[in-house]
Number of protein chains: 2
Amino acid sequence: MLGAIEAGGTKFVCAVGDVSGQIIEQVTIPTTIPEETMTAVIDFFKQYELEAIGIGSFGPIDVDTESPTYGYITSTPKTAWKNYPLVQAIKEAFPVPVGFNTDVNAAALGEAAFGAAKGLDSCLYITVGTGIGAGAVVQGKLVQGLSHPEMGHILVRRHPQDSYTGKCPYHKDCLEGLAAGPAIEERWGEKGFHLVNRPEVWDLEGYYIAQALMQYILILSPKKIILGGGVMKQETIFASINKYLAELVNEYVALPELTDYIVSPGLGDRAGITGSLMLASLALQEDDQQ
Amino acid sequence: MLGAIEAGGTKFVCAVGDVSGQIIEQVTIPTTIPEETMTAVIDFFKQYELEAIGIGSFGPIDVDTESPTYGYITSTPKTAWKNYPLVQAIKEAFPVPVGFNTDVNAAALGEAAFGAAKGLDSCLYITVGTGIGAGAVVQGKLVQGLSHPEMGHILVRRHPQDSYTGKCPYHKDCLEGLAAGPAIEERWGEKGFHLVNRPEVWDLEGYYIAQALMQYILILSPKKIILGGGVMKQETIFASINKYLAELVNEYVALPELTDYIVSPGLGDRAGITGSLMLASLALQEDDQQ
């Protein structure tokens with residue numbers, strides 16, 4: 001049996017399941033302080049005989065296995081979790097192989113294995129919620145280099161009628177600064193779910209996300225693009241994205257029919273936890289090879 | 001012995017060499033019409049006993065081995081080469097494994113094997129010349145999905161003082177449209193090498209390239225960035241790139257010292273042909289595994 005943790009800024013989803021992505025038992029634990037949250041996480045897993053554990057975590061995190069701070073959550077604004085050795089805490093309680101990556105990379109892996117990109121060796125998973133993040137599978141592997149991608153902070157061109165300054169503390173009007181949930185709320189004065197009948201809100205949202213997709217497509221050429229997260233529940237954004245993206249690409253690269261290419265998660269809200277199960281499975285495989 | 005072709009819009013560089021990247025013999029053949037150029041290419045290789053041939057080609061090209069037009073140069077503006085079956089032409093003359101990818105992907109592979117990114121499993125190679133293109137190695141493999149990347153056409157934010165409309169026939173003011181050699185010439189009224197003593201030219205060039213690097217870094221997180229091509233011989237651009245990139249990133253992601261991170265090709269002008277030799281070597285390995 002495998003363990004999986006989708007470690008988020010508001011909740012930790014913990015599950016046990018198998019290599020086929022099947023989830024057998026699942027609990028949700030609030031993200032408070034590490035002492036409290038991690039005790040509950042460990043208590044849950046203690047009930048099972050686990051072969052490996054996979055963690056898809058909020059970040060930034062250190063994914064470089066050569067680094068002395070490998071397995072840490074690093075510079076998060078959630079101060080109690082800053083420089084917290086998440087992998088080490090799990091390994092201390094469970095001496096089994098532990099897989100560790102970003103929540104969005106885990107979701108990309110889950111979608112490639114069992115979701116909207118099932119059977120493909122390439123996909124991009126983007127979440128648009130309180131932040132914007134993305135993970136990518138390229139030639140069957142998660143994109144990783146110096147560190148994990150930070151795709152939510154790419155530059156976009158400001159809409160000529162948009163005078164909102166942007167909310168990112170690092171870049172002001174990067175993609176996340178202009179298009180994540182908190183930016184929508186600050187620009188329009190209300191939370192997204194109160195703005196359902198304001199088409200201009202979702203048109204502008206699509207304008208920015210389309211630019212991001214243009215960059216991702218030209219750089220990664222993903223075989224499927226999956227858009228999840230709270231903001232994307234507003235399905236009208238998809239039509240806006242497709243309209244602006246077609247204008248931007250201008251037939252320079254050949255893409256599949258956009259309504260088939262840019263889709264919601266096939267696993268719904270289970271993409272992250274299913275992908276974390278896959279991280280456990282990969283950690284087990286790697287351990288067997290050693 | 002291995003054969004390598006760096007197929008460019010103005011010349012085909014052909015070489016024979018070995019798996020260690022050593023080039024034994026090399027010739028340059030002008031790119032005229034396929035009948036003429038390819039006859040000379042084949043005549044050169046006929047002198048040798050080859051085990052495999054690697055081709056790094058100008059594009060766009062079809063790199064999808066499942067596609068009926070795999071191995072073709074596709075929608076190039078060079079009409080004589082449009083829809084030309086380059087791999088098939090080589091395979092007809094030489095019944096050996098043939099590796100095929102973009103010129104910039106080949107260069108990235110060459111730099112990762114023997115150049116500025118030697119020993120790394122991740123790098124990005126960008127050429128800034130008559131066009132802008134880039135190739136990337138991620139976790140030891142070339143980035144490929146739906147097709148090969150087309151990173152030269154990403155969107156950038158226009159400099160507020162730059163009123164030049166842009167030269168890209170598809171996107172007008174994308175990166176290539178604003179920053180490739182022909183754009184420099186059209187904006188300033190002279191070819192780049194006549195503009196050596198105009199610092200504003202190279203400052204603006206760095207302004208645009210830095211934006212591109214920001215996007216590439218956030219999406220791919222490469223371990224080394226290598227900038228080649230005719231325009232980059234103007235070395236003052238590197239300082240401008242570093243200045244603007246540091247402002248853009250604003251310490252959001254941790255990067256190595258920029259002067260060590262963003263460098264010229266370690267192989268100089270041999271990156272492409274050496275990488276093509278690596279494509280031959282990979283094709284041979286794959287063939288052996290089958």
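Using only protein heavy atoms and a 1.4 angstrom probe, determine the accessible area buried between B and A, summed over both sides, in Å² to the nearest 100.
3900 Å²
Where is the GNM fluctuation largest for chain A (alpha-carbon springs, 10 angstrom cutoff): A:142, A:218, A:109?
Highest fluctuation among the options: A:218.
Using the Cα centre as the reference, give the magnitude of the dipole from point charges on the C-beta atoms of the range B:116-264 (Lys, Arg: +1; Asp, Glu: -1; all else neutral), rounded to the nearest 20 debye.
280 debye
Are there any residues in the range A:126-140 with a reduction of at least 40 Å² in accessible surface when going from the isolated chain to the assembly of protein chains? Probe 1.4 Å, please list them by number.
Output list: A:138, A:139.
Can you list the residues in the range A:181-223 whose accessible area drops by at least 50 Å² when all protein chains are present, compared with the chain alone? Use a 1.4 Å probe, heavy atoms only.
The answer is A:215, A:218, A:219, A:221.
Using a Förster distance of 51 angstrom, determine the FRET efficiency expected from the C-beta separation of residue B:196 and residue B:32, and round it to 0.05. Please report the intermediate quantities before stating the final value.
Details: r = 32 Å, r/R0 = 0.62.
The value I calculate is 0.95.
Would you look at the GNM of chain A, springs on alpha carbons closer than 10 Å, and say which of A:177, A:131, A:268 moves the most?
A:268
Of the residues A:33, A:23, A:53, which exhibits the maximal mean-square fluctuation in a Gaussian network model of chain A defined by a 10 Å Cα contact cut-off?
Of A:33, A:23, A:53, the Gaussian network model singles out A:33 as fluctuating most.
Share of antiparallel DSSP beta bridges in the range B:1-124, in percent to the nearest 5?
Details: 16 of 27 bridges.
Given both bridge residues lie in the range B:1-124, the antiparallel proportion sits at roughly 60 percent.
Hey, got the dipole for chain B? About the Cα centre, +1 on K and R Cβ, -1 on D and E Cβ, debye to the nearest 20? Provide the component values of the computation, followed by the final result.
Working: 19 positive and 34 negative charges, 123 e Å.
So the magnitude is around 600 debye.
May I ask you to find the residues of the range A:249-281 that are shielded by at least 40 Å² of accessible area once the whole protein assembly is considered instead of their isolated chain (probe 1.4 Å)?
A:250, A:252
Straight-line reach from residue B:224: which lysines fall under 20 Å, measuring Cα to Cα and dropping same-chain residues less than 8 apart?
Result set, ordered by chain and number: A:141, B:118, B:141, B:233, B:243.
Can you list the lysines whose alpha carbon is less than 22 Å from that of residue A:91, not counting same-chain residues fewer than 8 positions off?
A:11, A:46, A:82
Please state the charge dipole magnitude for the protein assembly as shown, taken about the Cα centre, from unit charges on C-beta atoms (+1 on K and R, -1 on D and E), reported in debye and rounded to the nearest 20.
With Lys and Arg at +1 and Asp and Glu at -1, about 1160 debye.
Among B:88, B:258, B:124, pick out the residue whose Cα is farthest towards the positive end of the charge dipole of chain B, where Lys and Arg carry +1 and Asp and Glu carry -1 on C-beta, about the Cα centre.
B:258
Working from the pairwise distances between different alpha carbons, so that the mean of 1/r is found and then inverted, what is the protein assembly as shown's Kirkwood radius in Å?
Values: mean 1/r = 0.0403 Å⁻¹.
The Cα-based Kirkwood calculation yields 24.8 Å.
Rounded to the nearest 500, what is chain B's calculated 222 nm mean residue ellipticity when only DSSP H runs of at least 4 contribute -39500 (n - 2.57) each, over all residues?
-11000 deg cm²/dmol
Could you let me know the centre-to-centre spacing of the range A:1-51 and the range A:226-245, using Cα atoms, in angstrom?
The range A:1-51 and the range A:226-245 have Cα centres spaced 30 Å from each other.
What does the copy distance list look like for residue A:69, label position 7 Å along Cα→Cβ, in nm and ordered from shortest?
With the label placed 7 Å along Cα→Cβ, residue A:69 yields 4.9 nm.
So how many Å³ per residue does the convex hull of the Cα atoms of the range B:1-107 work out to?
94 Å³
Expressed as an acute angle from 0 to 90° and rounded to the nearest 10, what is the orientation of the C-alpha long axis of helix B:103-114 relative to the principal long axis of chain B?
90 degrees
Alpha carbon centre of the range A:165-207 versus the range A:98-117: separation in Å?
26 Å
At 1.4 Å probe size, with the rest of the protein present, what percent of the exposed accessible area of the range A:116-264 is carbon and sulfur atoms?
Ligands and nucleic acids excluded, carbon and sulfur reach 51 percent.
Please go through the range A:157-200 and write out the GluC sites (Glu not before Pro) that DSSP classes as loop and that have at most 14 other C-beta atoms within 10 Å.
The qualifying sites are A:190.
What are the nm distances, shortest first, from residue B:130 to its equivalents in the other copies, labels at 7 Å along Cα→Cβ?
Inter-copy label distances (nm, one decimal, shortest first): 5.3.
Quick one: label points 7 angstrom along Cα→Cβ at residue B:286, distances to the other copies in nm, smallest first?
Label point to label point, same position, other copies: 2.6 nm.
So what is the accessible area of the range B:77-175 per residue, in Å², with the probe set to 1.4 Å? Present the calculation step by step, with values, prior to reporting the outcome.
Details: 3750 Å² over 99 residues.
Value returned for the range B:77-175: 38 Å² of accessible area per residue.
The values are calculated or read from the model by the stated rules, or taken from the named source; none is laboratory data. Since the structure is predicted, the reported quantities are computational estimates derived from the model, not experimental observations. Cβ coordinates were reconstructed from backbone atoms using ideal geometry, including for glycine residues, and neighbour counts include every protein chain displayed. For the accessible areas, the whole protein counts, side chains as well, though only heavy atoms, and no ligand, DNA or RNA atoms are used. Shrake-Rupley method; radii C 1.70, N 1.55, O 1.52, S 1.80 Å.
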